[in-house]
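K.L.:
Quick one: this structure, given as structure tokens, is what I'll be asking you about.
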Amino acid sequence: MRSPRSAHTTPGTAYPVRWLGVSVIPLLRNSFVLGLAAFMLLAQSALIPARATDANEPESSSVASDLEQEQEASRLELRSVADEAELAAKALAALEGDIAALRADQQELDRKIAETAARRTDLDQRITAGEQSMTGLSERQESVRLSLLSRRSVLAEVLAALQRIGRDPPPALLVSPEDALSSVRSAILLGAVVPEIRAETAALAADLKELATLRQAIASERVSLAAALEQNAAEEQRLANLAAEKAALQQESQRRLDRERQRAEALSVRSSELESVIASLAEEIVSLREAAEAARKAEEERQRQLAERLERARAFAAVAVPDKNRIMPAYQFSKLSGTLSHPVKGETVRHFGADDGTGHTLAGEVLATDQGATVHAPADGWIAYAGPFRSYGQVVIIDTGENHHVVLAGMEQIKVAAGRFVVSGEPVATMGQTRFAGSAALSLASERPTLYIEIRKDGQPVDPRLWWNDDMSSRKASNDT
């Protein structure tokens, strides 16, 4: 509801009152300290946030500890990966050396294979020459054989004559003339034949010797060529086996080299990932530590402020609890922030500064309560006004001192009169059954009775939530439309 803007004076009012810029009675300005109740209230209010903060600190420490353990595990894994990478690098170097040696061996084998091929060519040429020589020797052998065959009849005659001479030798010359004539004839015949026989015999012996020599040379050449061919074939086979073995070793070494390279690349990628994880964890740990340090400083500041409040509360508690029959406020109203209770039990449906339904902002707050509920004075003070006001029902204004005023409106029955001094918690009015017309502009979901509360300082409205100690001031007001 909107606050009235004009000054007025109501019959039965002990003091002139203006809703804005209220003219208040002179009050005693001396300060009183808070009592034992304020001390207990401050002590209780201090325990809850302290416990909440203490509960959060182990959680932050646990998270930071978990991150540090994870970071240490990542470091250990990184060291293991680095060791594996070093071993992989050594294996790569060894394999590359082996492959280089195998390539050199392969080149040497290729050279020897080329030499063997050249020897094979030379042997082939020798074999060809040998075959040609053997062909010539064979032809010569055949020629000698044919020559011998052609002279077989002459040889036969010579041999027959020689045999006859051997069986029947010629008689001596002193024998008979017939015998001498035979002897002469035989001598003449032998004298004519023997030189020829000797020549034929020498030629025959030479041919036979040459034939034997040729046969021996042919046999020897065949043996030599066969041995050379066998040796060359064995060398070719040995070199071919070595080449195949070296090629297989080179292929296997190349496969191992490729695997080691892939492993080294994988280790490098994993190492980079681990370094990134460690850096990220380090940043997160630093962030958590900074946040924990900020929280610690904030908690220290809160504890410091709390200690100051508790110290004030202890000082206030040292003073005797105010007499319930007192005739002036026991405490300075400005020192009571966060310690007052709401005048009535209920639910805050509109807060200070909200839309009041007429296009203006609310200068106080609205509580939905029960019918017949008792309204109590929230603080010590003098009743500056008590009575009806327009369509807002019964209105009570309490002067709490230090130019502070508490306005209560929307009640049905008032139990106090203007000029009277009331203490905190004293009943001042009761609520009706429904809302008054002055609250109709507020769009609320129910027709429950509503109490309008306004606190003013030097005639200007201030947020009442600064003074309440219960949770109604922190509840979210409903948006009843």
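K.L.:
What is the distance, in nm, between label points placed 7 Å from the Cα along the Cα-to-Cβ direction at residue 103 and at residue 335?
P.N.:
Reported label-point gap for residue 103 and residue 335 is 9.6 nm.
K.L.:
Let a ≥ b ≥ c be the square roots of the eigenvalues of the Cα gyration tensor of region 345-442; is it rounded (a/c under 1.5), or, if not, prolate (a/b larger than b/c) or oblate?
P.N.:
prolate
K.L.:
Can you give the net charge of the other residues whose Cβ lies under 10 Å from the Cβ of residue 430, counting K and R as +1 and D and E as -1?
P.N.:
Residues near residue 430 contribute 0 overall.
K.L.:
Here's something else I'd like to know. So how far, in whole Å, is the C-alpha centre of region 240-270 from the one of region 380-425?
P.N.:
With region 240-270 and region 380-425 each reduced to a Cα centre, they are spaced 99 Å.
K.L.:
Still on this structure: Given the peptides 451-464, 400-413, arrange them by the average over their residues of other C-beta atoms within 10 Å, most packed first.
P.N.:
Output ranking for 451-464, 400-413: 400-413, 451-464.
Read-outs: derived from the displayed coordinates by stated rules, not from any lab. These numbers come from a predicted model, not from an experiment. Ideal geometry is used to build each Cβ from the backbone, glycine not excepted, and the neighbour counts take in all protein chains shown.
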